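Okay, so here's the structure we're looking at.
The values are calculated or read from the model by the stated rules, or taken from the named source; none is laboratory data. As the structure is a prediction and not an experimental result, all values here were calculated from the model. Because the Cβ atoms are built from the backbone with ideal geometry, glycine has one as well, and the counts that use them run over all protein chains shown. Keep in mind that these areas ignore ligands, DNA and RNA; they rest on the heavy atoms of the full protein, side chains included. Shrake-Rupley method; radii C 1.70, N 1.55, O 1.52, S 1.80 Å.
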Amino acid sequence: MTYLVVCIFDLNEGRREDYHYAFMDLGTIGLRRAIKSDAVPTFQLPTTAVMGMIDGRTVDEVRTTVGKQVQGLFRARGLKANFFLVVCGDWACAGESM
């Protein structure tokens, strides 16, 4: 099943280039700032939000997997961050924060 994933983050003492690389890395796991749809024109999410459609078996599995991926991406670049992750599917949501 495919789940809607929204991640909002804040880098502690993040510089402009830190945010650039964070968005680039998040894009590699399917979380992007610009959302494309067949029904409406592409739109930009607010400054530090990314969104994507991620496949998985359950909402909890996707939340855990994506949460670990986001943590790993930030750690790999030496970034300290707070993030809030919400995964939704079939009218069920699960959240995680760091």
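Remarks
- Built amide H within the under 5 Å cut-off of Lys80, gap 5+: Asn12
- Placing dummy labels 7 Å off each Cα toward the beta-carbon, the span from Arg57 to Glu13 is 4.2 nm.
- Packing, taken as the mean count of other beta carbons within 10 Å per residue, orders the peptides 16-29, 35-48 from highest to lowest as 16-29, 35-48.
- Dipole magnitude for the stretch 8-97: about 260 debye, using +1 per Lys or Arg Cβ and -1 per Asp or Glu Cβ, origin at the Cα centre.
- With a cut-off of 15 Å between beta carbons, the residues surrounding Arg57 carry a summed charge of -3, where Lys and Arg count +1 and Asp and Glu -1.
- Helical contribution to [θ] at 222 nm, DSSP H n ≥ 4, -39,500 (n - 2.57), averaged over the chain, rounded to 500: -10500 deg cm²/dmol
- Amide H contacts of Thr58 (H built 1.01 Å from N, in plane; Pro and chain starts excluded): no residue 5 or more places away or on another chain comes under 5 Å.
- With all protein chains modelled, accessible area of Leu79 [1.4 Å, Å²]: 30
- Compared with the dominant Cα axis of the chain, that is its longest principal axis, helix 59-76 is turned about 20°.
- On the beta carbon distance between Met24 and Asn82, with R0 = 22 Å, the FRET formula returns roughly 0.70.
- Phi to ³J(HN,Hα) by Karplus 6.51 cos²θ - 1.76 cosθ + 1.60 over the stretch 7-23, Hz, x for Gly, Pro: 10, 10, 9, 9, 8, 6, 6, x, 8, 3, 5, 4, 5, 4, 5, 4, 5
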